[in-house]
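Working notes, structure below.
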Amino acid sequence: MAERRLLNELAFLMLGSEKSAEHVVRMTYLRWYFTADEEKSPSSPPRWWLIRSVSRACLRILKSSPSGADGDAEDGKPTGNAVV
């Protein structure tokens, strides 16, 4: 899926870690699927919501962790206290 590849590349460019990028994208898709239809904007395509959400999640991770995403835990999740 080209959309998922775009999201992974965006997250990787922002975080510099493949594991963290995959985790952010996975959590963003979960948020999308569990978001009520009323909260999803009918005027903007899902792709833009996903891009914005991935970008914001990456920024939260970078702000919350002194070492950014490079300090990954062994389980592949970001070590910061960011809420994805």
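The C-beta contact set for the range 48-70 (first residue under 10 Å from LEU10 (Cβ atoms), second residue at pLDDT below 95 and surrounded by fewer than 19 Cβ atoms within 10 Å (Cβ to Cβ), distance under 8 angstrom, 6+ apart or interchain) comprises LEU50/GLU3; LEU50/TYR29; LEU50/TRP32. Taking the criterion of being of a type outside the set (Asp, Glu) and without any contact (Cβ under 8 Å) to a residue 40 or more places away in the chain, the residues of the range 5-20 that qualify are ARG5, ASN8, PHE12, LEU13.
The values are calculated or read from the model by the stated rules, or taken from the named source; none is laboratory data. These numbers were taken from a predicted model, which means no experiment stands behind them. As a convention, Cβ positions derive from the backbone with ideal geometry for all residues, glycine included, and neighbour counts pool all protein chains shown.
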